[in-house]
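Undergrad: Before I ask anything, let me first share the structure, which is written out below as structure tokens.
The values are calculated or read from the model by the stated rules, or taken from the named source; none is laboratory data. Please read all numbers here as calculations on a predicted model, not as lab measurements. Cβ placement follows ideal geometry from the backbone for every residue including glycine, while neighbour counts extend to all protein chains displayed.
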Amino acid sequence: MKIGVCLKQVPAKDAPLRINEAQTWVREGDISYETCEPDNFALEAALQLKEKHGGEVVVVSLGPERVRQVIKEGLAKGAERALHVQDDQFHTLDPLLMAAGLAGAVREEKFDLILTGLQSDDHGYGQTGVILAELLGLPHATIIMEIQVQEGRLRVKRELEAGWFQWVELPLPAVLTIQSGINKPRYASLKGIMAAKKKEIRTLSRADVLPAEVVASQETKKIYVPQKTKKTEFIEGPPKEAATKLLEKLKHEARVL
């Protein structure tokens with residue numbers, strides 16, 4: 001199988017986040033970065049499929065030069081090669097532009113399977129993998145807990161609400177978004193780290209993969225830190241009426257019910 005895995009670089013969980021002067025994103029120079037945690041589970045799923053069925057795993061990532069750290073980690077864990085779509089304004093891309101860039105990078109590869117994490121640790125939209133499938137015209141399934149390959153088809157287990165699961169069959173090629181916890185991601189070995197230095201990283205520009213007619217569907221106007229405030233409100237009136245008002249406020253304002 002030829003499997004593509006989309007990896008995203010995100011700010012580290014313990015990084016001190018400070019908003020930039022334009023209030024559109026964080027100060028990137030002040031923080032460290034790491035691989036998006038859900039994408040690590042997608043990579044491990046791909047490596048396990050390769051070990052079982054043969055083939056190759058190709059890491060695909062979009063972002064500035066620093067993203068090569070994430071790419072090299074993927075290569076060190078066992079991916080054969082990588083595609084890097086270089087874009088210095090990566091943080092300004094919405095899910096549509098991000099998926100369009102990835103689609104342009106992977107279209108000629110003719111992957112049998114493309115895996116992404118369920119959602120990113122920074123924006124958490126959970127849309128990129130689904131839009132990617134639509135742009136490529138491929139079947140897809142989300143929140144995947146288990147993958148079985150059977151005679152050119154996939155049988156996958158999806159996590160639903162309230163502890164329920166669903167088994168779905170779909171043809172290859174396909175796109176899957178992987179649920180966190182599906183496996184235990186491996187660490188890169190010293191041998192893998194050394195081998196990664198010789199593996200191919202193909203660099204593409206934004207202009208190479210992103211059609212000019214594709215424009216952003218959403219825009220971030222402002223990022224700010226919520227202000228902590230305290231407020232006391234007295235609910236007056238007959239007991240039944242006051243109870244009804246309290247219930248509405250707990251549901252729609254406090255959102256604790």
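Undergrad: List the pairs whose first member sits in region 159-175 and is part of a strand (DSSP E or B), whose second member is polar (S, T, N, Q), and whose Cβ atoms are under 7 Å apart, counting only residues at least 6 apart or on separate chains?
TA: Glu159/Gln179
Undergrad: Anything in region 1-31 that is in a loop (DSSP other than H, G, I, E, B) and either hydrophobic (A, V, I, L, M, F, W, C) or in contact with a strand residue (DSSP E or B) (Cβ under 8 Å, 6 or more places away or on another chain) (or both)? List them, or say none.
TA: Hits for region 1-31 are Met1, Lys8, Ala12, Lys13, Ala15, Leu17, Arg18, Asn20, Ala22, Trp25, Arg27, Ile31.
Undergrad: Restricting to region 176-187, name every residue that is among the β-branched types (Val, Ile, Thr) and outside any strand (DSSP E or B).
TA: Ile182
Undergrad: I want to confirm something. Restricting to region 188-209 and keeping residues that are part of a helix (DSSP H, G or I) and basic (Lys, Arg), which single residue is farthest from Gln69 (Cα to Cα)?
TA: For region 188-209, the residue satisfying everything is Arg206.
Undergrad: Restricting attention to region 208-228, and to residues there that are among the aliphatic types (A, V, I, L, M) and surrounded by 10 or more Cβ atoms within 10 Å (Cβ to Cβ), which single residue is modelled with the highest pLDDT?
TA: Val209
Undergrad: Being over 11 Å from Leu97 (Cα atoms) and under 20 Å from the mean Cα position of the chain (by Cα) is the filter here; which residues of region 205-219 pass it?
TA: Across region 205-219, the qualifying residue is only Glu219.
Undergrad: Which residue, of Glu51, Glu34, Glu44, is surrounded by fewer than 14 Cβ atoms within 10 Å (Cβ to Cβ) and either assigned to a helix (DSSP H, G or I) or not hydroxyl-bearing (Ser, Thr, Tyr) (or both)?
TA: The unique qualifying residue is Glu51.
Undergrad: Right, another one. Which number in (1) at pLDDT 95 or above; (2) touching a strand residue (DSSP E or B) at 6+ places or on another chain (Cβ under 7 Å) marks the one condition that Gly137 misses?
TA: Result: Gly137 fails condition (2) only.
Listed here are the residues, each with its yes/no results for (1) in a helix (DSSP H, G or I); (2) more than 18 Å from Pro211 (Cα to Cα); (3) over 16 Å from the mean Cα position of the chain (by Cα); (4) basic (Lys, Arg).
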site: Leu62; (1), (2), (3), (4): no, no, no, no
site: Arg66; (1), (2), (3), (4): yes, yes, yes, yes
site: Glu73; (1), (2), (3), (4): yes, yes, yes, no
site: Ala76; (1), (2), (3), (4): yes, yes, yes, no
site: Val85; (1), (2), (3), (4): no, no, no, no
site: Leu96; (1), (2), (3), (4): yes, no, no, no
site: Leu102; (1), (2), (3), (4): yes, no, no, no
